[in-house]
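Undergrad: The structure that follows is given in the form of structure tokens.
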Amino acid sequence: MLKANRKQMKEINKNNLRQALKERRKATKPELSELTQLSVVTVNALIGEMVSSGEVIEGDEIPSNGGRPSKQYIYNGNFRKAIIIYGHQENNQDLFHMLIINSFGECIDRMKSYDTNVTTESFDLWIVDAFKKHKTICAILFGLPGAEKNGVIYAHDYPGIVGEKFLAYYNEKYHVPVLYENDINATVCGYYARQNVETVQSVVGIYYPRVYAPGAGVVINGEIYKGFMNFAGEVGWIPMHPAWNEVDYKNGEDVARMLSQIAVIFSCVLAPQRIVFYGDFLTEELLKELVSRLTEQLKGKFLPHIEFEKNLVKDFEWGMIQIALSELKRKEGIAAWY
């Protein structure tokens, strides 16, 4: 194993200090020294740099057990921000959200709007306005249906952004990293983040928007599995009877047959601990019927925990925030060394 050089060691120490201060929100230098096991001299030097850059704000002085008062230092969560734009179906229309988050994952601004014709420039006005109002935006993240590989979008519900132009346009115009995540991948990521990761290691989420083909996302041990060419989860291509665009969603028998087929496929191939279905047509009666069918079809050999969610927005947004936080953390300049 190679040892870190002085510059790398400094970045590692600064990151340890940063994470400790972010968790506490505010602390004195002696408290940070105790939390990080760094010397007071090292903490003093690094805090000085972080105050100069604006990442840390000087706070008030507080009593220190009868000695000299100690100054508190506050982590500036707004030192790095990210734009998140994600879209989904609502009332058979395409609804899009934009939110600005800081490095604590707090939403500090948001808006939403319907759009009937999504093109490359569809989100430009939102982003221009965001950059005018927020001076420390470090990344732009899109959460939309379809698949992306090496900057090229394909297999998408919005034909107007298929190809290499969409992401390149925002990269070149705003000069910050532009990331893209599939809607159901982000949703399953959000669902997984809400679970106890010590007991839940594998989750499959399947979204049926009805207007568009269904999509699936897989998270294993905290990592989204995307497969070759990021095509994993394009379950709309699987031949089934009835197909997603042929089924009568008001007919419980038809829907139960469709859902049980896809659940059996994932159970036999991946054997996930949990399968979460998202769709506005899902009911408690349908859930009971699905569990009964799976128990019979899998002969009692395997049965994942099945959940129904009528709306994916809560998990979708939370997943996008987790992905954005990971990007902001990467922007913090954590040293990689071996």
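The values are calculated or read from the model by the stated rules, or taken from the named source; none is laboratory data. No experiment lies behind these values; they were computed from the predicted model shown. Backbone-built Cβ (ideal geometry, glycine too); neighbour counts: all protein chains shown.
Undergrad: So which residues in the stretch 215-233 are of a type in the set (A, V, I, L, M) and either over 14 Å from LEU270 (Cβ atoms) or outside any strand (DSSP E or B) (or both)? Write out each step before concluding.
TA: As a first pass, look at the stretch 215-233 and keep what is of a type in the set (A, V, I, L, M): 216, 218-220, 224, 229, 232.
If the condition is that a residue be of a type in the set (A, V, I, L, M) and either over 14 Å from LEU270 (Cβ atoms) or outside any strand (DSSP E or B) (or both), then MET229, ALA232 are the ones that fit.
Undergrad: Under 7 Å by Cβ, and 6 or more places apart or on different chains, what pairs join a residue from the stretch 322-338 that is at positive phi with one that is part of a helix (DSSP H, G or I) and at pLDDT 80 or above?
TA: Matching pairs, first to second residue: GLY333/GLU11.
Undergrad: Something else now. Can you give me the number of residues within the stretch 168-192 that are among the hydrophobic types (A, V, I, L, M, F, W, C) and without any contact (Cβ under 8 Å) to a residue 24 or more places away in the chain? Before you say what the answer is, go through the steps one by one.
TA: So in the stretch 168-192, the residues among the hydrophobic types (A, V, I, L, M, F, W, C) come out as 168, 176, 178-179, 184, 186, 188-189.
Filter once more, keeping what is without any contact (Cβ under 8 Å) to a residue 24 or more places away in the chain: 168.
The qualifying residues number 1.
Undergrad: Which residue, of GLY215, GLY222, GLY227, GLY236, is among the small types (Gly, Ala, Ser) and touching a Pro at 6+ places or on another chain (Cβ under 6 Å)?
TA: On the way: GLY215 fails: touching a Pro at 6+ places or on another chain (Cβ under 6 Å); GLY222 fails: touching a Pro at 6+ places or on another chain (Cβ under 6 Å); GLY227 fails: touching a Pro at 6+ places or on another chain (Cβ under 6 Å).
After ruling out the rest, the residue left standing is GLY236.
Undergrad: Give the residue, chosen from ILE108, ILE84, ILE100, that is in contact (Cβ under 8 Å) with a residue 60 or more places away in the chain and assigned by TED's automatic domain parsing to the domain that holds VAL178.
TA: Values: ILE108 fails: in contact (Cβ under 8 Å) with a residue 60 or more places away in the chain; ILE100 fails: in contact (Cβ under 8 Å) with a residue 60 or more places away in the chain.
After ruling out the rest, the residue left standing is ILE84.
Undergrad: Now for a separate question. For the stretch 172-199, how many residues are farther than 14 Å from GLY215 by Cβ, in a helix (DSSP H, G or I) and charged (D, E, K, R)?
TA: Total satisfying the criteria: 2.
Undergrad: How many residues does the stretch 156-206 contain that are out of contact with any helix residue (DSSP H, G or I) (no Cβ under 8 Å at 6 or more places or on another chain), surrounded by fewer than 19 Cβ atoms within 10 Å (Cβ to Cβ) and aliphatic (A, V, I, L, M)?
TA: Number of matching residues: 4.
Undergrad: Could you tell me which numbered condition GLY163 fails, if it satisfies all but one of (1) on the phi < 0 side of the Ramachandran plot; (2) over 14 Å from the mean Cα position of the chain (by Cα)?
TA: Only one criterion is unmet by GLY163, namely (1).
Undergrad: So, in the stretch 27-60, how many residues would count as being buried (at least 16 other Cβ atoms within 10 Å of the Cβ), charged (D, E, K, R) and within 18 Å of SER103 (Cβ to Cβ)?
TA: Matching residues across the stretch 27-60 total 1.
Undergrad: Any idea how many residues of the stretch 209-225 are hydroxyl-bearing (Ser, Thr, Tyr) and touching a residue at least 12 places away in the same chain (Cβ under 8 Å)? Quick ask: steps written out before the conclusion?
TA: Of the residues in the stretch 209-225, the ones hydroxyl-bearing (Ser, Thr, Tyr) are 212, 225.
Next, from what is left, pick out any that are touching a residue at least 12 places away in the same chain (Cβ under 8 Å): 212.
Count: 1.
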